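Asks: Following this message is one structure expressed as structure tokens.
Read-outs: derived from the displayed coordinates by stated rules, not from any lab. Model, not experiment: these values are computed from the prediction. In this analysis, Cβ positions are derived from the backbone assuming ideal geometry, glycine residues included, and neighbour counts consider all displayed protein chains.
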Amino acid sequence: MSEPAAITPHDVEAAAGRIVGHVLRTPLVPAPRLSELTGAEILVKHENMQATASFKERGAVNKLKSLGEGERRSGVIAMSAGNHAQAVAYHARRFGIPATIVMPETTPLVKVENTRAQGARVVLHGETLYESAEEARAIAAAERLALIHPYDDPAIMAGQGTVALEMLADAPDLDVLVIPVGGGGLMAGNAVAARAMRPDIELVGVEAALYPSFLNALDGKDRPVGGPTLAEGIAVKTVGALTLPIIRRLVGDIVAVDEALIERAVNAYASLHHTLAEGAGAAGLAALLKEPGRYAGRKVGLVASGGNIDTRLLAAIMLRELERDGRIVSFRLTTSDRPGLLGKVAGLLGAEGANILEVSHSRLFLDVPAKGVTIDVTVETRGESHSRAIEEALARSGLAPRRIQPHDAAEPGSAAL
């Protein structure tokens, strides 16, 4: 006989009542441009609108509200490098509960300061979350603090499950829920809630391809786990002991998405849906981009689970997507050095409708004749067909264009035209 699940639908319902007034009931909104992109009818649950910009507040509030009076006085401790830390710190301060957060020493300073700004004591320990977790357990034992695990805790799982309760209340005819999976708290809680409301609904979990921890746990394979990922919020090496049985029993499929797809999804949320999604928060959309035929014509619920993305990183992602789409292109032109050459190039590009972003030129490359010159020019175009037309026009003018990667186009000291 299988062991009873860590949580039941009743636990999720109780959590829903407990968090009312403390956590935003986020909107579930149609996403017509994302729907056009994928062929599915997409509705997005905007958990990036929470006070700390992630769904983690639901579990944190449910756990904090479940503590006994003695535990509240003694305080709580959590291990996290991101959204869980901020959610626990924020609501612990609201409830007057002392909070300690253990973070890896490698945590970006902005996340450390954001957590301190919520009134939490921050302890930096170890290079990895595993080492931080060991330190959190040691401090919890020494100071008699209640440990709030980021995912392997029934109260956390039940709190996260309120996402699906709200989604299916707002759109009971959803065919599929596609949910990011890290340690499994969000997926497990929502699987319990969704199956109780709609036993026939399809549930798909999404992992970063660099961290296929649930896939390994479910099929017994030993895929490599680790590496730099844009979806650091689901970059978990060890799945939850409590979440795994629930996901094994209730979730139909776990899919892995690579970094390029995650980048595309982050960019699509920003440029088409006009919302910020961090890498983990965009993982569900990445799954649709990976297999659009699987979801075509179906009503799909996505969870934009978090919006804590560095603006510089977002700008880089959007620029890279313009490059992938052929809307930013760099050419290396090789020709004889003569007066008025830059003017000729600028005039030709202007006539072709290209917007010049950057220009550099060099006479020092050894593969260029002594009286020759190379010009690297980066332009903005209307798309790949326009880029090809520009390349053909440059070739007809004897400029011998060769495409190069835009980020390699300009050397230090290059001049903008």
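Asks: Over the chain, calculate the relative contact order: mean separation of alpha carbon pairs under 8 Å at least 6 apart, over the residue count, as a percent.
Replies: Rounded, it is 15 percent for the chain.
Asks: Please say if segment 142-222 is rounded, prolate or oblate, where rounded means a/c under 1.5 for a ≥ b ≥ c the square roots of the C-alpha gyration tensor eigenvalues, and otherwise the choice is prolate for a/b larger than b/c and oblate otherwise?
Replies: It is oblate, given that a/c is not under 1.5 and a/b is not larger than b/c.
Asks: Moving on to the next point. With θ set to phi - 60° and the Karplus curve 6.51 cos²θ - 1.76 cosθ + 1.60, what are the ³J(HN,Hα) couplings of segment 341-351 in order, to the nearest whole Hz, using x for Gly and Pro?
Replies: 5, 4, x, 5, 4, 4, x, 5, 5, x, 5
Asks: Follow-up. Can you list the HN-Hα couplings for segment 376-383, worked out from phi with the Karplus curve (6.51, -1.76, 1.60; θ = phi - 60°), rounded to whole Hz and with x for Gly and Pro?
Replies: Here the 3J(HN,Hα) series is 9, 10, 10, 10, 9, 10, 8, x Hz.
Asks: With contacts defined as alpha carbon pairs under 8 Å and 6 or more residues apart, what's the relative contact order of segment 99-173 in percent?
Replies: Reported relative contact order: 25 percent.
Asks: Moving on. If you average the alpha carbon positions of segment 303-345 and of segment 157-223, how far apart do those two centres end up, in angstrom?
Replies: 37 Å
Asks: Right, another one. Give the calculated FRET efficiency between ALA141 and ALA169 to the nearest 0.05, with a Förster radius of 45 Å applied to their Cβ-Cβ distance.
Replies: The value I calculate is 0.65.
Asks: Using amide H atoms built 1.01 Å from N in the peptide plane, name the residues 5+ places from ALA146, or on other chains, whose amide H lies under 5 Å from its own.
Replies: GLY75, VAL76, ILE77
Asks: Here's another thing I want to ask about it. Would you kindly give the portion of the calculated P(r) for segment 57-154 that falls above 19 Å, as a percent of all Cα pairs?
Replies: Everything past 19 Å amounts to 31 percent.
Asks: How tilted is helix 9-19 with respect to the longest principal axis of the chain? Cα atoms for both, answer in degrees (0 to 90, nearest 10).
Replies: Compared with the principal axis, the helix lies near 80 degrees.
Asks: Take the chain, connect every pair of alpha-carbon atoms lying under 10 Å apart with a spring to form a Gaussian network, then pick out the residue of LEU174, LEU357, LEU165 with the largest mean-square fluctuation.
Replies: So, out of LEU174, LEU357, LEU165, the one fluctuating most is LEU357.
Asks: Can you give me the distance in nm between label points at ARG116 and THR128, each placed 7 Å from the Cα along the Cα-to-Cβ direction?
Replies: Computed distance between label sites ARG116 and THR128 equals 2.7 nm.
Asks: Just for the chain, what percent of DSSP beta bridges are antiparallel, to the closest 5?
Replies: Roughly 45 percent of the DSSP beta bridges within the chain come out antiparallel.
Asks: Based on the alpha-carbon gyration tensor of segment 92-237 and its eigenvalue square roots a ≥ b ≥ c, which shape applies: rounded if a/c is under 1.5, prolate if not and a/b is larger than b/c, or oblate?
Replies: It comes out oblate by the Cα gyration axes.
Asks: Taking amide H positions as placed in the peptide plane 1.01 Å from N, state which residues far from LEU357 in sequence (5 or more) or on other chains have amide H under 5 Å from it.
Replies: THR378, VAL379, GLU380
Asks: I would also like to ask the following. Treating cross-link reach as a plain straight distance, find the lysines whose alpha-carbon is under 27 Å from the alpha-carbon of LYS65, omitting any fewer than eight places away in the same chain.
Replies: Here the lysines satisfying the reach criterion relative to LYS65 are LYS45, LYS56, LYS111.
Asks: Modelling each spin label as a point 7 Å along the Cα-to-Cβ direction, I'd like the GLU71/ASP200 distance in nm, to one decimal.
Replies: In this crude label model, GLU71 to ASP200 measures out at 4.0 nm.
Asks: Then there's this: What residues have an amide H closer than 5 Å to that of VAL206, excluding those fewer than 5 places away on the same chain, when H is modeled at 1.01 Å from N in the peptide plane?
Replies: Here the answer is ILE179, VAL181, VAL255, since their amide H atoms fall under 5 Å of that of VAL206.
Asks: Here's another thing I want to ask about it. For ARG25 and PHE95, what does the FRET efficiency come to when R0 = 25 Å and r is the distance between their Cβ atoms, rounded to the nearest 0.05?
Replies: 0.80
Asks: I want to check the label-to-label distance for LYS344 and ALA400. Put each point 7 Å from Cα in the C-beta direction and report it in nm to one decimal.
Replies: My value for the distance between the label points is 1.4 nm.
Asks: Report ³J(HN,Hα) in whole Hz for each residue of segment 153-162, in order, from the Karplus equation J = 6.51 cos²θ - 1.76 cosθ + 1.60 where θ = phi - 60°; Gly and Pro get x.
Replies: 8, x, 5, 5, 4, 5, x, 5, x, 5
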